[in-house]
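Inspection log for the structure reproduced underneath, given as structure tokens.
The values are calculated or read from the model by the stated rules, or taken from the named source; none is laboratory data. Everything quoted here is computed from the prediction, not taken from an experiment. Cβ atoms come from the backbone with ideal geometry, glycine included; neighbour counts cover every protein chain shown. Only protein heavy atoms, including side chains, enter the accessible area calculation; ligands, DNA and RNA are left aside. Shrake-Rupley method; radii C 1.70, N 1.55, O 1.52, S 1.80 Å.
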Amino acid sequence: MAHVTQHVAPTHSDHGAGDWAGGTSPFKMSYGKMMMWFFLVSDAFTFSGLLTAYGFMRHKWDAIWPTAGDVFTHFPFYHGHIELAYVAFMTFVLIASSVTMVLAVEAGHRMDKQAVVKWMILTIIGGAIFVGSQAWEWYHFIHGTEQGAYLLEDGQTVMRHKFDPSTHHMVEGVYLVPEADASGFREVSGAEADAMKASATHIHGANLRHNEYGLPLFANFFFFITGFHGFHVFSGVVINFLILLGVISGTYHKRGHYEMVEKSGLYWHFVDLVWVFVFTFFYLL
Amino acid sequence: MSARDDVYEYSLDLHHSDEEGVKIRKKFYFVLALLSLVTIVEVAMGMAWSRDPGMAEILKVTFIALTLVKAGYIVMVFMHLGDEKKNMKLTILLPYFVLIGYLIFICLVEGVYSGMMASGLQNYFGL
């Protein structure tokens, strides 16, 4: 531990120019950690761009935008509809894995290698559960409902079953079609509905061309934004795994500090941060 | 062990003792409890009032406010930005808020307007 005793912060107070005189970091931070922060700011701009684009379209088609509460109602091993319960669970998993990550960083500050390994393994497990949950969510969104919906002749407009939130069932023989001026939905039933059905295609679920739940744009944004975020989570799991190998092999312990755990931790918390916003704008609003 | 003498290892300043660690960890568990509670409240509010048009505005404002609270705790506590020097905090936060504030403003205003145009409300403007 020879270098610890020599550990005296370089100072330029004798020049009278303070932190910005050169030779030291004005931020009291290593280059690597600062660059991780700058990368995260640029990544935050990317996600903000995507979410504001979503906000633009959402406000444009406000009256006919699909309600997330109607779309994401599945819960494992349960056959009814529970709005948003599963995505709340996913959010909790990601927040919990953020806490295990910060505990790994804290253990690193005490040079407690065993604790760093333990908390990092738990973080990786949490991340894996989240990615798996997202795959499950995508599966149900792509698969759609049993009843499906009717894609009208223009290849864009969807006539869907009316959902009754009080009974948690679709209303038999009653459909919703967006108005031509996009100011809302009108109810269609009886002979008119049959005539529209005759020239329509029966569809289930959503993909990049059509969306059972309404506007195809909703599905496009959903796949792109949650996909981009999910890829970040996946990358985070891979990065954390590689850093874990470094921890186990003792590389960082020999270095005298666990800054690499802190850097991958910054990335991991950022992924959690983005999810907080995706959760609000996609699922709650 | 080979410490580089040309690089000052700032991370060594972040080391703390076991006693300090207990206090720091307590803070993390508090934030975990708080963020979980906020999420539960949000989902409960969504379940109860999301189909009530009269509550739409209140829900929107509440959800965005609670999201910013959560984001603040994640950035300031989990990412330790609250412990960094003031010039670092400003370097990260200021450019972000200035640029994104403008982007949000312009996109939402234009979104509402282009929605009016798409739904035939251009008549109201005498266009």
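Tabulated results
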{"quantity": "Answer residue from segment A:25-60, given it is over 25 Å from residue A:282 (Cα atoms) and open to solvent by 50 Å² or more (accessible area, probe 1.4 Å) and is nearest to the other protein chains (Cβ to nearest Cβ) among those", "calculated": "A:28"}
{"quantity": "Residues (open to solvent by 60 Å² or more (accessible area, probe 1.4 Å) and hydroxyl-bearing (Ser, Thr, Tyr)) located in segment A:170-196", "calculated": "A:183, A:189"}
{"quantity": "Residue check for residue B:65: touching a helix residue (DSSP H, G or I) at 6+ places or on another chain (Cβ under 9 Å) and outside any loop (DSSP other than H, G, I, E, B)", "calculated": "no"}
{"quantity": "Inter-residue pairs, beta-carbon under 7 Å, first in contact (Cβ under 8 Å) with a residue 40 or more places away in the chain and in segment A:164-186, second outside any loop (DSSP other than H, G, I, E, B) and surrounded by fewer than 16 Cβ atoms within 10 Å (Cβ to Cβ), 6+ apart", "calculated": "A:179/A:186; A:182/A:63; A:182/B:118; A:183/A:63; A:184/A:63"}
{"quantity": "Failed item, numbered, when residue A:150 is tested on (1) within 14 Å of chain B (Cβ to nearest Cβ); (2) in contact with a helix residue (DSSP H, G or I) (Cβ under 6 Å, 6 or more places away or on another chain); (3) aromatic (Phe, Trp, Tyr)", "calculated": "(1)"}
{"quantity": "All positions within segment B:46-62 that are within 10 Å of chain A (Cβ to nearest Cβ), farther than 22 Å from residue B:35 by Cα and hydrophobic (A, V, I, L, M, F, W, C)", "calculated": "B:56"}
{"quantity": "Pair list, Cβ < 7 Å and 6+ apart or interchain, from segment B:63-80 residues that are touching a residue at least 12 places away in the same chain (Cβ under 8 Å) and within 7 Å of another protein chain (Cβ to nearest Cβ) to residues that are small (Gly, Ala, Ser) and open to solvent by less than 20 Å² (accessible area, probe 1.4 Å)", "calculated": "B:74/A:98; B:78/A:98"}
{"quantity": "Considering residues of segment A:5-24 that are facing another protein chain (nearest Cβ under 10 Å) and within 15 Å of residue B:7 (Cβ to Cβ) only, the residue modelled with the lowest pLDDT", "calculated": "A:6"}
{"quantity": "Residue within segment A:258-271 that is surrounded by fewer than 18 Cβ atoms within 10 Å (Cβ to Cβ) and part of a helix (DSSP H, G or I) present", "calculated": "no"}
{"quantity": "Any pair with Cβ under 8 angstrom, 6 or more apart, that starts in segment B:83-110 at a residue that is within 9 Å of chain A (Cβ to nearest Cβ) and ends at one that is assigned to a helix (DSSP H, G or I) and of a type in the set (D, E, K, R)", "calculated": "B:87/A:19"}
{"quantity": "Search result, residues across segment B:23-42 that are open to solvent by less than 40 Å² (accessible area, probe 1.4 Å) and at the interface with chain A (Cβ under 7 Å from one of its Cβ atoms)", "calculated": "B:28, B:32, B:35, B:36, B:39, B:42"}
{"quantity": "Qualifying residue in segment A:197-208 (condition: in a strand (DSSP E or B) and open to solvent by less than 20 Å² (accessible area, probe 1.4 Å))", "calculated": "yes"}
{"quantity": "Options A:241, A:228; residue that is open to solvent by 20 Å² or more (accessible area, probe 1.4 Å), within 30 Å of residue B:46 (Cβ to Cβ) and in a helix (DSSP H, G or I)", "calculated": "A:228"}
{"quantity": "From the options A:114, A:147, A:134, residue that is among the polar types (S, T, N, Q) and touching a residue at least 40 places away in the same chain (Cβ under 8 Å)", "calculated": "A:134"}
{"quantity": "Residue in segment A:252-269 that is closer than 26 Å to residue B:38 by Cβ and aliphatic (A, V, I, L, M) present", "calculated": "yes"}
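For (1) under 16 Å from residue A:110 (Cα atoms); (2) touching a Lys or Arg at 6+ places or on another chain (Cβ under 6 Å); (3) at pLDDT 95 or above, each residue gets a yes or a no:
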position	(1), (2), (3)
A:243	no, no, yes
A:262	yes, no, yes
A:266	no, no, yes
A:270	no, no, yes
A:273	no, no, yes
A:279	no, no, no
A:284	no, no, no
